Each structure stands twice: as structure tokens, then as C-alpha cells.
1. Which whole-number percent gives the relative contact order of the chain, counting Cα pairs below 8 Å spaced six or more residues apart?
2. Quick one: P(r) of the chain from all Cα-Cα pairs, 10 Å bins, percents rounded to integers, in order of increasing distance.
Amino acid sequence: MGYTSDLKKRIKSQNEGKNTATKSYRPFKLSGFVGVETKEKAISLEKYFKTGSGIAWMRKRLLSEKAD
């Protein structure tokens, strides 16, 4: 999770193993993203998603595998 101004470049970099923190989790497949207007809003949202309530919110609303 993080912010970037070039999503394609970031995914490519992650899959090439250029980030040592995520290297062992490759390959990555983008399943969605959240776009915001400013870098400041992106950083704030990222910090929220890393809190307990942010994780719970994501699990409930973004990561659930609901069958129709």
C-alpha cells in the first residue's frame, strides 16, 4: 500500500523486485486503487488505512469476497 503519481511504473517496479520490502511477495496484480486529488490527501488516507479502524473498514468494504 502506498501512494504514487505513476501507477503503471510502480507496479512494474514492484514486480521487478526493486523494492526489498515487498520483493518476496511477487508477482503483484492490481485489483483496484483509490484516487485522490492531492498528495497530502493520499498520505493521510494511507495512514488511516494502516490503523485498526482503517484495516477493519477495508476488510468490510473493499476486501470482502461476496458471492452473488
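Every number in this text was worked out from the coordinates using simple rules, so none of it is lab data. What you are looking at is a predicted structure, and each value in this text was computed from that prediction instead of being measured.
1. 25 percent
2. Bins of 10 Å from zero give 17, 41, 38, 4 percent of pairs.
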